[in-house]
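Reading through the structure tokens given below for one structure.
The values are calculated or read from the model by the stated rules, or taken from the named source; none is laboratory data. Source: prediction; values computed, not measured. All Cβ positions, even for glycine, are placed from backbone atoms using ideal geometry, and neighbour counts span all protein chains on display.
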Amino acid sequence: MPNQNGSVFGLTILSPIIDDEKATPSHDLQIRKYLATLPTGPESPFAQAPGTHLARLVVMDDVVFVGYPAIEEHLQSKYLVFETNCDADLDEYLSGLAKAVPDHLDAIWSHCVGYPGVANSGAFIEYMKACQLETTLFFAAVNDKSVPVTLRALQTQRAVTDFIADHQGMEPARLQKEFLEFVGKLESEPVPKPGTMGPQRALKTGGRNE
Amino acid sequence: MSNINGKVYAMNAITPMKPWKTLVVKAFFLLLRLVKPLQKDLINLSFIEFARWVVIPRSRFPYVGQGQVKDEMKYDYLLFFSNFNGTWNQYIDAFADVLGSKLNLIWRWSEKFPGSNPVTGFKEYIARVQFDTDYYFTAYPQATANDLKSAHIVQASLDDLVQRARSCSPAEFSTAYLNFVIQVQGHLGETGEAPIVF
């Protein structure tokens, strides 16, 4: 299945944007304005809904004319492109979005032709699938790890770095005891929220470029 | 507009193809998909987190009715979406250097594609067919593709060590811990803010 690589799904959706000359500002501009105010960190709608590794929303104004002797042609509609790299099952992912961030989805897609709204979850999923394009080739650098597993691994990597630095040359019995305490503490910590930068670390100075 | 979030850059590009040429491109993509070793260079580039190519046949732009005018184009279109680490110039340079021949096999069927070498013409073409991202999210903005791979190696090694640490003597643990440090020492690079590159 070309849309999937391992356990990661590559979803590509093009939704036609309403072309209404009476709308001021135009619907594509209204989408752009809304997207410009949308947070991209842990408050992002994609951080609040489960399963998004990376996602983008793009207003595609037209196809590109590459110059003569190619033929110049234009789209009848502008399209809202939704490209996401997400975990597992498509229906599950879309219904997760619909449950977690219905207001954001409606605010964005209500400018698209035929959008039924998320109030009817079945119609919403059906609409998104009607606008879906099949991916021809999908590449993923890591294709067998979910979002929470990845965030946990990044948290572990940071903690292990600090632990090793702080426990050099320690006597074995004490090292073992402190290691098990460290692991217990690490396992009890919550998985970091998607979209967070991780803890601020002090700048290291004195490098050879200074 | 935000093509960048943390350490990742979102690139979008669209190129026109004569419909008969689409068959060739699709056959090549099928080959790349089925014969995984052919993706080796893409994997070795190591700064691409996710990338995809999507072929849109000329009469298959999504159509939902309800007043939408159906798009009937003369060309098929090849969409390309990439999520990579580093700057645009670094990406295009490395892409052209490492994947030059394969890139040519993918894009040579697109109208006016000049080839990936010399890279100046290639960059001009990409700049022409690229369009900007309005909104970009990543669950782990502090991490690059290599950070992700390394983090999973550290996690797996730690899980192994934890199993042993609970039942072995301090002397045995000391040896196992040393082996663990040797295993993960190349994977402990710090994540955090991206460096500023001009």
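Annotations
- Within the stretch A:144-164, residues that are more than 15 Å from residue A:186 (Cβ to Cβ) reach partners that are buried (at least 22 other Cβ atoms within 10 Å of the Cβ) with beta carbons closer than 7 Å, at six or more positions or on different chains, in the pairs A:147/A:51; A:147/A:52; A:147/A:53; A:147/A:194; A:147/B:139; A:150/B:140.
- Contacts under 6 angstrom Cβ, first residue in the stretch B:157-180 being at the interface with another protein chain (Cβ under 7 Å from one of its Cβ atoms), partner of a type in the set (Asp, Glu) and surrounded by fewer than 18 Cβ atoms within 10 Å (Cβ to Cβ), 6 or more apart: none
- One residue stands out in the stretch B:45-96 among those that are polar (S, T, N, Q) and in contact with a helix residue (DSSP H, G or I) (Cβ under 7 Å, 6 or more places away or on another chain): the one that is farthest from residue A:80 (Cα to Cα), namely B:46.
- Boolean, residue B:88 is surrounded by fewer than 20 Cβ atoms within 10 Å (Cβ to Cβ) and touching a strand residue (DSSP E or B) at 6+ places or on another chain (Cβ under 7 Å): yes
- Taking the stretch B:6-107 as the region of interest, none of the strands (runs of 3 or more DSSP E) fully inside it holds 3 or more residues being of a type in the set (S, T, N, Q) and more than 30 Å from residue A:126 (Cβ to Cβ).
- Lone qualifier among A:180, A:133 - being surrounded by fewer than 23 Cβ atoms within 10 Å (Cβ to Cβ), of a type outside the set (D, E, K, R), closer than 30 Å to residue B:58 by Cβ and facing another protein chain (nearest Cβ under 7 Å): A:133
- Any hit, the stretch B:119-131, residues being assigned to a helix (DSSP H, G or I), assigned by TED's automatic domain parsing to the domain that holds residue B:53 and among the aromatic types (Phe, Trp, Tyr): yes
- Count of the stretch B:116-146 residues which are at the interface with another protein chain (Cβ under 7 Å from one of its Cβ atoms) and surrounded by 17 or more Cβ atoms within 10 Å (Cβ to Cβ): 14
- Restricting B:180, B:137 to residues that are assigned to a helix (DSSP H, G or I), aromatic (Phe, Trp, Tyr) and either more than 18 Å from the chain's Cα centre (by Cα) or within 27 Å of residue A:143 (Cβ to Cβ) (or both) narrows the list to B:180.
- Residue within the stretch B:90-107 that is under 19 Å from residue A:3 (Cβ atoms), β-branched (Val, Ile, Thr) and under 18 Å from the mean Cα position of the chain (by Cα) present: yes
- Qualifying positions in the stretch B:11-60 - of a type in the set (A, V, I, L, M, F, W, C), at the interface with chain A (Cβ under 7 Å from one of its Cβ atoms) and under 26 Å from residue A:76 (Cβ atoms): B:14, B:53, B:54, B:55, B:56
- For residue B:189: the one exception among (1) more than 9 Å from chain A (Cβ to nearest Cβ); (2) assigned to a loop (DSSP other than H, G, I, E, B); (3) touching a helix residue (DSSP H, G or I) at 6+ places or on another chain (Cβ under 7 Å): (1)
- The set of residues from the stretch A:104-151 being under 17 Å from residue A:50 (Cβ atoms) and out of contact with any helix residue (DSSP H, G or I) (no Cβ under 7 Å at 6 or more places or on another chain) comprises A:146, A:147, A:148, A:149, A:151.
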